[in-house]
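What follows is calculated from the coordinates using simple rules that are stated; it is not laboratory data. The shown structure was predicted, so the numbers you read here are calculated from the model rather than taken from an experiment. In this analysis, Cβ positions are derived from the backbone assuming ideal geometry, glycine residues included, and neighbour counts consider all displayed protein chains.
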């Protein structure tokens, strides 16, 4: 089953999603410039879990609030969360630092901007990974619980996993995986990485062309961390292509003095490490609905990748847009200049009617939420709660970009939900607006609107939907919502063979004037016998208290 959501939403002057120059994002579509909101921005505004430490975003959004206990977080601070859980565990305290260090190594980063970290991040001493990880509720807790079990059942694998040299070399190997180095040099770098990080870091930085811009990273509990691994991988790749003599010198075997400084060699890899890592993957909390919806990809063997159940398009304006400039000033309340401004600046903005499109694969959502011993009915109810609250959040959540300056919190004028049970062919109706919409007049009071910007957008959508369904024989259920159903009825024009308009007709008879009514109909169609009023506020699971 495929559930597709099409939204027409007109925004007042705003700058909801900025580019690198601070201007509202745009694109060219149909030969003209359109306003644009990126899919990443839309997804963030919908799933927003909030952050008590962020003064600009403390409160959770609608979706995270209504699905509390089932929403995860994206963070680099998984090792810090593990550290908190270890304090409550039965694992001996002398092993805690090794576990935290291993946790910092489990997610590498191929981010080309890895060198650029914010001042806040640089000043945060909490242990973290090199890569953002999407964690389910209580994941750190379950991770420590599983390590506690594996410590008793698989001690050889447990000790190998926590060996700092082993995890560091594997971290470097992950960073080198996407490099252009051939297998031989790559193995040489990985084998020498620990010696370089412990004894040759200053020498390596001196050999690098960019070494002057880099300082030697601080050790984490006396051991090299992710920043050491990044530098080893980057600089050794550079030296292999530019200075073979330095490359060979840095990857030489450790001297007697270096061996004494380093201590014992890494242990041999025991059998069963694949099963050990698989057991760690199993602790992923499977009712993290935002992971099930938007997916997860990491470069770590300790986290299972999740295929996203939903596709999200970049929102585009249905019409041509030209960005405008707001010239503004600020007055110094205690100044003595008598006149003039204490501050002068400019900000760009636009106003646009957007078309938004979401395509949700119901079966993929169920697969993502199912655990090995999951109750099928409970998973279905959780999934239907997810799509119901997702639809509400998609309608009522707006990006936060410069909202304090523009307050463009505008509701959709129409939402079309399409349910396809026969086949899974997703269909965006963006081409309804390939020819830019233009306002052509003022509609009569209490009459269907096909003349204003919103009205023309809805009318073009209706005509396109009907034409595509007829042309391709699409069989689906259509649900239409508008707070002004008399104004935006979603009607198309029946036409003769030459395309001349004859009489208007409704695209669908299933129409709603309340958002709750639309969600109720959607839930009843997707899961027959399920009542939205009974499941929308279903009791939170124990994950809510984790």
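With both partners inside the chain, how many of the DSSP beta bridges are antiparallel, as a percent to the nearest 5? Numbers along the way, then the final one.
On the way: 51 of 53 bridges.
Around 95 percent of the beta bridges assigned by DSSP in the chain are antiparallel ones.
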Taking 0.36 nm per intervening residue step and subtracting the Cα-Cα distance, what contour gain separates residue 348 from residue 324 on full extension? 8.1 nm
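Got a sec? How would 413, 199, 41 order by Cβ neighbour count within 10 Å, fewest to most?
Working: 413 23, 199 16, 41 20.
The fewest-first ordering by Cβ neighbours comes to 199, 41, 413.
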Within a 10 angstrom radius of the beta carbon, how do 154, 74 rank from fewest other beta carbons to most? 74, 154
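If R₀ is 22 angstrom, what is the calculated FRET efficiency for the pair residue 28 and residue 307, using the beta carbon separation as r and rounding to 0.05?
Working: r = 31 Å, r/R0 = 1.40.
For residue 28 and residue 307, the calculated efficiency is 0.10.
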Run the paramagnetic zone check for residue 74: 7 angstrom along Cα to Cβ, then residues of segment 23-58 with backbone nitrogen under 20 Å. 25-26, 36-58
Distance between modelled label sites at residue 409 and residue 124, nm, 7 Å Cα→Cβ extension: 2.7
Let me know the Rg and Dmax you get for segment 73-281 when you use only its Cα atoms, in Å. 17.4, 51
If each DSSP helix of 4+ residues adds -39,500 (n - 2.57) and the sum is divided by the residues in the chain, what number results at 222 nm, nearest 500 deg cm²/dmol? -11500 deg cm²/dmol
Treat each spin label as a single point 7 Å out from the Cα along the C-beta direction, and report the residue 332 to residue 502 distance in nm. 7.4
For segment 73-281, what relative contact order do you get, as a whole percent, if you take Cα pairs closer than 8 Å and at least 6 residues apart? 25
For segment 156-278, just run the numbers: alpha carbon Rg, then divide by 2.2 N^0.38 Å, N being how many residues it has. 1.06
Please report the spacing between the Cα centers of segment 45-91 and segment 409-461 in Å, no decimals. 37
Fully extended, how many nm does the chain gain between residue 341 and residue 424 (0.36 nm per residue separation, minus their Cα-Cα distance)? 24.0 nm
Normalised contact order of the chain, rounded percent, pairs of Cα under 8 Å and 6 or more residues apart: 23
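Suppose R0 equals 35 Å. What FRET efficiency, 1/(1 + (r/R0)^6) with r the Cβ-Cβ distance, do residue 363 and residue 93 give to the nearest 0.05? Present the calculation step by step, with values, prior to reporting the outcome.
Working: r = 46 Å, r/R0 = 1.32.
According to the calculation, E is roughly 0.15.
Using Cα-Cα distances under 8 Å and only pairs 6 or more residues apart, what relative contact order does segment 383-492 have, in percent? The partial results should precede the final answer.
On the way: 107 pairs, mean separation 35.0, N = 110.
Relative CO of segment 383-492 lands at 32 percent.
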Could you work out how far the C-alpha centroid of segment 359-407 sits from that of segment 296-337, in angstrom? 21
Within a 10 angstrom radius of the beta carbon, how do 480, 80, 493 rank from fewest other beta carbons to most? 493, 80, 480
Relative to the present Cα-Cα distance, how much length would full extension add between residue 510 and residue 259 at 0.36 nm per residue of separation? 82.8 nm
